[in-house]
Protein chains: 2
Amino acid sequence: MSASPTEAIVIIGSGPAAWTAAIYAARANLNPVVFEGEPVGTEIPGGQLMLTTDIENFPGFPEGISGPALMDRMKAQAVHHGTRVVSALVTSVDLSQRPFVLTPNYSAPVTAHTVIVATGAAAKWIGLDNELRLAKIGGGVSACAVCDGAAPYFRGKRLAVVGGGDTAMEEALYLTKFASEVFVIHRKDKFRASKVMADRVMTHPKIRIEWNTVVTDVLGDDPITALALEDTVTGASRELEVGGLFVAIGHTPNTAFLGGQLELTPFNYIKTAPWRTVTSIEGVFAAGDAIDDYYRQAITSAGTGCMAALEAERWLAHHGIGESPMLDNAVAPVMIADADAASVA
Amino acid sequence: MSASPTEAIVIIGSGPAAWTAAIYAARANLNPVVFEGEPVGTEIPGGQLMLTTDIENFPGFPEGISGPALMDRMKAQAVHHGTRVVSALVTSVDLSQRPFVLTPNYSAPVTAHTVIVATGAAAKWIGLDNELRLAKIGGGVSACAVCDGAAPYFRGKRLAVVGGGDTAMEEALYLTKFASEVFVIHRKDKFRASKVMADRVMTHPKIRIEWNTVVTDVLGDDPITALALEDTVTGASRELEVGGLFVAIGHTPNTAFLGGQLELTPFNYIKTAPWRTVTSIEGVFAAGDAIDDYYRQAITSAGTGCMAALEAERWLAHHGIGESPMLDNAVAPVMIADADAASVA
C-alpha cells in the first residue's frame, strides 16, 4: 500500500456527475483527485456524452453543444478550480477499512477519506460493427431517444426502436412526435413492458411492431439507410429502410469494480438514500447514471454530482477532515492549464 | 373560466428548474407554457440567481457566468425549442378538478393536463435597506456561502455569518477555507444547530461567535465595510469590520399560492416521492428549490426540472395526451426570436 498522504476526496468517473462533483469539491478547497479512466474496449473517458454529437437540452447552451465539447468545458472548469486529474482506471476498491483504498490499473494505490463513485452506465448495443461505428460518428444510430430523437435530422423519417421493455415503449412513443413512422423491433412475440405502455405502443397509429425479429446488420456509410432483419421463427431475411435506429435494450451500470462492497439494486445500480447520495457505506457517495436507471440525462447526472460533493464536504466537516488539504501528493496530476488545452480523449 | 384549449403542460417558475423543464418539454413537442411571474416586492423573475453576480460552479462554464446571463441563456433555449412564456404570476390553482385550473394575476385562467411547480424559494434576509442593496449589486452580501464564498473577492477577508441553525454552521465552516476569520452572529446564547455541527463551529480556531447579537445596519457603499451590531442583553452598540456578510437565517419556499392543495413538509417544501418529482396529486410535478431544503444549487434545480419534465411527458404518454399539442391557444405568448433578444427581467 502507498505511503502517500490520504486524500480528502477521490472521485471516480469522467462524465457530468464526476466533473460537477469535482468543481464543487475543488471550490470547497478539498483539492479533489478525479480518476477519469482510460479507453477500454468501446468505453472511453467522458462518459456516454462522448457518443453524442449535438446536445440541445443541456440548459445554458441555447445554440446546442457537442458532447465532447461539453465534457471538455466541465473538465477544464474542474481543473481550473484545483482538481487533479489522473488518467487511470480504478480497477478495485477496499471500502472495508478507513481510509478507503483505491487501486488504479497502474501506479500505486491511493487512500481517501471520502469517495464519490460516478462511473456511469454503458448502453447495451446489439453488437454490430456498423451499429457502433454509426453511433460514434452521429450517423443516425443512438441509444437515447430523449437525447437525440428531437434532432432535426430525424424529423419526418422512418425510425426503428429495438427492444421490448418500458424504455423501448417510452422511446417509441417519444419518437412518434417526430417520425413519419416508428418500427419497434422485438425478438419475441410479446413485450416485457408494463401493459399500459405496451397497449399504448400497440395501438398507436404511427407505430408498427416487428415481432420475432432481430437486426442482423445496420446498412449505410453515413447516415444509416436500412436494417437487415431476420425472422427468429422462419429464419427469413429482409431489409427495412430507416432513417434512424434507437437501441433500447438496456444499460449496464459500471459498478462491477466495486466487488459487491456497496449495496446495489437488482440491476446493479448503486443504492442511495432518498434524495441523498449516501451509499450503504458512510463516507462513500454515488452520483450520475450509476445510481439512475430512469432519467439518464447529462443535466440530472450533473445535479447528483453536485449533491454528492456537498454531502462529502459536509461529511468531512462533521468529522473535522479536509480543512487542510494535502497538497503534497504522490499521485502524479495531469495538469491542464486552460479550457482550450483540456482534452478528455 | 376560459374556454381556451387545455394545455398539455404548464410550468410555473423562472429559475433553472423551470427553464430546464421547459427545454425538455418543448423538445418533446409538448408546446409548454411557462408562467415566469413578474416583479413583486423583492422577488423578480429568474429566481435567486438574479442576485448572483458570478456563478463559478455551474458545470459547462469554465470561465464563470453571471446569474442573469445564465438565466437569459436558459430562457432563450426554452423559447428556441418552442416554449411560450407568459409574464404573469400564477396567484392560485385549482388542483381538485381535471384538467387543472391555474389563475394568473391578469388574463384568463388556463387549464392544463399536467403542471410543474418550480417556483423556488426565497432566502430570508435581515431586512435592512443596505443589506438588500449590496446583495443585488454583488457588494459582498450573500445568502449562499456555497454559491459565493469561494469567489476571489472574499479570500483572506473577515467574513460574518448570521444565523444559528445547521445551515449557518455549514456556511461558517465552509467559509473558514477562504476567510482570515469568520464571525458567527446569533441573536441568542445557544445554537439550534445539531450538537456535532455547533461543537465543530465553537471549537474552530478561525471562528469567533458573537452571542446575543443582532445586526442593526450594514455599512459600506460598495462593497460592504462593516456591520453595526447591538447586544440583545445589554443594548450596547458597536461596529464590526467585515469584508463579507452571509445571511443564513433560512429560506421560504414559494408554495403559499398552492393553498395547501399539495402535501408539504413541515417547512412548506413540496413533498415528492424518493428520487421522483411526483407530488401528492397525480399529474402535478415539482422541482427546484421548492422541493429542496438541502442543496439549493442552480445545477441541482436544473436536474430536478429535467426530471419533472420527463415524468410529466411519460405521464401524458401513459394517458395518451399531448401527442397533438394545441397550437391554437388563447394565452398570448411572449415570443422571443433568439438568444440575444431574450431578457428575463
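The values are calculated or read from the model by the stated rules, or taken from the named source; none is laboratory data. Here the structure is a predicted model, which means the values were calculated and not measured. Cβ: placed from backbone, ideal geometry, glycine included. Neighbour counts: every protein chain shown. Ligands, DNA and RNA are excluded from the accessible area calculation, which covers all protein heavy atoms including side chains. Shrake-Rupley method; radii C 1.70, N 1.55, O 1.52, S 1.80 Å.
So here's what we get for this one:
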quantity	calculated
Choice from A:129, A:94, A:289 with maximal GNM fluctuation in chain A (Cα, 10 Å cutoff)	A:129
Inter-chain shielding of A:174-180 (mean C-beta neighbours from other protein chains, 10 Å cut-off)	3
Most mobile listed residue (B:28, B:122, B:317) in chain B, GNM with C-alpha springs under 10 Å	B:317
Rg [Å, one decimal], Dmax [Å, integer] - the stretch B:138-247, C-alpha atoms	12.9, 38
Percent of beta bridges antiparallel (DSSP, the stretch B:138-247, rounded to nearest 5)	40
Mean shadow area of chain B, taken as a quarter of the surface of its Cα convex hull (nm²)	17.9
Copies compared at residue A:237 - label distances in nm, ascending, label defined 7 Å from Cα in the Cβ direction	9.3
Packing rank of B:164-172, B:256-264, where each peptide gets the mean count of other beta carbons within 10 Å, highest leading	B:164-172, B:256-264
Estimated vicinal HN-Hα couplings, Hz - the stretch B:156-168 in sequence order (Karplus 6.51, -1.76, 1.60; Gly, Pro = x)	x, 8, 7, 10, 10, 10, 9, x, x, x, 4, 4, 4
³J(HN,Hα) computed for each position of the stretch A:292-298 - Karplus, 6.51 cos²θ - 1.76 cosθ + 1.60, integer Hz, glycine/proline x	10, 9, 10, 9, 6, 10, 4
Per-q log10 I(q)/I(0), the protein assembly as shown, q = 0.06 Å⁻¹ (Debye; single scatterer per alpha-carbon; no solvent)	-0.35
Helix-only [θ]222 nm of the protein assembly as shown, DSSP H runs n ≥ 4, -39500 (n - 2.57) each, per residue, nearest 500	-7000 deg cm²/dmol
Enclosed volume per residue, in Å³, of the convex hull spanned by Cα atoms of the stretch B:1-95	110
Beta bridges by DSSP in chain B, antiparallel share as percent, to the nearest 5	45
Amide proton proximity set for residue A:184, modelled H, under 5 Å, gap of 5+	A:161, A:208, A:209, A:210
Heavy atoms of residue B:73: accessible area, 1.4 Å probe, square angstrom to 10	70
Calculated from backbone phi, Karplus (6.51, -1.76, 1.60) coupling profile of the stretch A:265-282 in Hz, x at Gly/Pro	7, x, 9, 6, 7, 6, 7, 10, 5, x, 6, 9, 9, 5, 9, 6, 10, 4
Accessible-area value, residue A:107, 1.4 Å probe, nucleic acids and ligands omitted, Å²	80
Angle in degrees between helix A:67-80 and the longest Cα principal axis of chain A, rounded to the nearest 10	10
Shortest-first distances to equivalent copies, position residue B:155, nm, label 7 Å out along Cβ	4.7
Protection-proxy order for peptides A:202-214, B:81-93, each taking the mean of Cβ atoms within 10 Å per residue, highest first	B:81-93, A:202-214
Shape of the stretch A:146-208, Cα gyration tensor, a/c cut at 1.5	prolate
Volume of the Cα convex hull of the stretch A:93-187, divided per residue and given in Å³	168
Neighbouring partner chain Cβ atoms per residue of A:290-302, average, 10 Å criterion	5
Label point 7 Å beyond Cα along the C-beta direction, distances from residue B:4 to other copies (nm, shortest first)	6.0
Summed residue charge, Cβ within 13 Å of residue B:273's Cβ, Lys/Arg positive, Asp/Glu negative	-1
DSSP bridge pairs, the stretch A:1-121: antiparallel proportion in percent, nearest 5	45
